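S.K.: Quick one: the structure is below, questions incoming.
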Amino acid sequence: MIAAAHVHTISTYGPDRVAGFSPIPAMSMVSHAAGSRFVELIGGVMTSFYDWYADLPVASPQVFGDQTDVPESGDWWDVVWQCASVLLTYPNSRQLGTAEELLAHIDGPAADLLGRTVSELRRADPLTAATRYVDTFDLRGRATLYLTYWTAGDTRNRGREMLAFAQTYRSTDVAPPRGETPDFLPVVLEFAATVDPEAGRRLLSGYRVPIAALCNALTEAALPYAHTVAAVCRTGDMMGELFWTVVPYVTMTIVAVGSWWRYRYDKFGWTTRSSQLYESRLLRIASPMFHFGILVVIVGHGIGLVIPQSWTQAAGLSEGAYHVQAVVLGSIAGITTLAGVTLLIYRRRTRGPVFMATTVNDKVMYLVLVAAIVAGLGATALGSGVVGEAYNYRETVSVWFRSVWVLQPRGDLMAEAPLYYQIHVLIGLALFALWPFTRLVHAFSAPIGYLFRPYIIYRSREELVLTRPRRRGW
């Protein structure tokens with residue numbers, strides 16, 4: 001009957017009139033994927049529960065109550081932001097009732113956190129709640145709700161940052177609030193919930209570090225508002241953005257301090273710890289494969305991460321041509337590198353003297369190195385479209401990489417990247433963190449002194465080793 005209905009609809013009205021409907025795709029991802037593929041093959045369109053019932057205005061609990069109690073993800077964020085804005089304002093008689101009305105339309109961890117704030121405020125009398133609010137946010141410098149105060153303090157730079165908030169509001173045809181400064185967190189949350197979610201989310205993401213610091217300060221003081229700020233941190237994956245903002249600098253610090261310590265206190269250990277004397281046949285094959293392969297991999301990463309996409313296009317290299325070259329050369333170099341390191345590990349494991357000279361650091365280093373190479377090959381296959389949908393990492397991962405070096409980290413871009421790119425980058429950072437404590441430090445060494453040192457003269461005290469008679473010195 002279903003097949004006959006499809007044939008009749010396609011022959012009478014065309015394939016675009018066939019629509020696939022999935023009530024709750026999350027219940028069975030396999031069946032949802034199979035059904036989506038079937039509808040795609042016959043030329044139909046795929047719809048969902050939300051396309052039928054949840055096309056709702058932004059942050060409108062009244063409409064939610066009339067139509068459905070399952071808002072879309074965007075509307076869910078709006079409700080969380082709106083509820084957090086209500087709870088972070090000065091206590092009044094309608095505050096908790098409004099918050100409870102909003103919470104009736106969402107669930108999940110963020111809703112639970114907001115509910116805990118409501119419960120704790122509900123148990124306090126109005127005078128106590130008002131006093132605690134003033135003591136928390138007006139008298140505690142470490143728990144201020146004014147976002148620019150965290151970054152600029154009482155300096156003229158704070159006015160410049162507040163002007164950026166006001167300009168964002170005006171760009172959406174909304175006048176900045178008169179009763180509060182534009183950087184007041186409840187104002188920013190209300191703007192994100194009711195006016196422009198994307199612009200509001202950018203503002204919140206730009207101040208994710210101060211918001212996380214505010215959450216920590218409130219948590220340490222065991223205040224009920226900590227749950228609300230924690231709920232805000234959960235929206236937009238702010239903790240993920242904070243992670244990708246902080247971890248690169250932690251890794252850089254480990255590399256710098258670790259390398260200095262190694263050079264200062266372990267100069268004689270700053271070496272490749274060569275095992276060529278123990279075995280050289282496999283080494284002559286594996287070492288060039290690994291080193292030449294990794295050299296091409298490093299150059300490819302440098303071009304892809306450092307050079308902006310607009311530069312290569314301005315040079316006459318289209319994105320498609322760059323993509324093909326990067327995939328082909330990167331795959332060849334990656335496979336060569338993997339083959340080389342595999343032979344090195346095989347040699348180290350099967351040759352007794354070499355294995356005896358292997359340290360724990362070597363084993364950990366080889367494990368992380370192989371994981372980084374495999375993750376890179378996997379990201380190349382998945383991101384190139386060979387397996388799954390293609391993804392242009394130069395629009396997110398590369399921009400994030402450059403932003404870290406100019407001290408303006410865009411952790412939000414890395415948080416939006418696919419999981420396989422995040423795994424590859426995370427393993428790469430782990431490898432760099434291990435770098436100063438392994439034999440990999442030899443990559444930072446070069447025999448430059450050999451170019452300028454004097455000649456070494458070898459003399460012998462044995463007369464018998466002379467190849468010709470000694471000449472007279474006069």
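S.K.: Give the number of residues within segment 261-294 that are under 30 Å from residue 323 (Cα atoms) and without any contact (Cβ under 8 Å) to a residue 12 or more places away in the chain. Walk me through how you get there before you give the answer.
M.R.: Applying the first criterion (under 30 Å from residue 323 (Cα atoms)) to segment 261-294 yields 286-294.
Of the ones still in play, those that are also without any contact (Cβ under 8 Å) to a residue 12 or more places away in the chain are none.
The qualifying residues number 0.
S.K.: Does segment 421-436 hold any residues that are over 11 Å from the mean Cα position of the chain (by Cα) and under 14 Å from residue 373 (Cα atoms), and which are they? Please lay out each step first, then the result.
M.R.: Step one: list which residues in segment 421-436 are over 11 Å from the mean Cα position of the chain (by Cα), which gives 427-436.
Across segment 421-436, the qualifying residues are 427, 428, 429, 430, 431, 432.
S.K.: Based on this model, can you work out whether residue 317 counts as free of Cβ contacts under 8 Å to residues at least 24 places away in the same chain, under 30 Å from residue 347 (Cβ atoms), of a type in the set (A, V, I, L, M, F, W, C) and outside any helix (DSSP H, G or I)?
M.R.: Here the answer is no, as residue 317 does not meet what is asked.
S.K.: Another question about this same structure. Condition first: assigned by TED's automatic domain parsing to the domain that holds residue 353, at pLDDT below 90 and not in a helix (DSSP H, G or I). Can you find one or more residues in segment 325-332 that meet it?
M.R.: No, the conditions are met nowhere in segment 325-332.
S.K.: Are there any pairs, at least 6 apart or on different chains, whose C-beta atoms fall under 7 Å, with the first in segment 442-467 and surrounded by 10 or more Cβ atoms within 10 Å (Cβ to Cβ) and the second β-branched (Val, Ile, Thr) and modelled with pLDDT of 70 or more, and if so, which?
M.R.: Hits for this filter: 442/271; 442/272.
S.K.: Is it fair to say residue 159 is at pLDDT below 90 and either farther than 19 Å from residue 86 by Cβ or aromatic (Phe, Trp, Tyr) (or both)? Show your work before the answer.
M.R.: Working: at pLDDT below 90: yes; either farther than 19 Å from residue 86 by Cβ or aromatic (Phe, Trp, Tyr) (or both): yes.
So residue 159 passes the test.
S.K.: Would you point out which residue out of 346, 322, 366, 391 is under 18 Å from residue 432 (Cα atoms) and either under 26 Å from the mean Cα position of the chain (by Cα) or surrounded by fewer than 19 Cβ atoms within 10 Å (Cβ to Cβ) (or both)?
M.R.: Numbers: 346 fails: under 18 Å from residue 432 (Cα atoms); 322 fails: under 18 Å from residue 432 (Cα atoms); 391 fails: under 18 Å from residue 432 (Cα atoms).
Being under 18 Å from residue 432 (Cα atoms) and either under 26 Å from the mean Cα position of the chain (by Cα) or surrounded by fewer than 19 Cβ atoms within 10 Å (Cβ to Cβ) (or both) holds for just one of 346, 322, 366, 391, which is 366.
The values are calculated or read from the model by the stated rules, or taken from the named source; none is laboratory data. On a predicted model such as this, the values are computed, not experimentally measured, just so you know. FYI the Cβ positions are ideal-geometry reconstructions off the backbone, even for glycines, and counts take in every protein chain you see.
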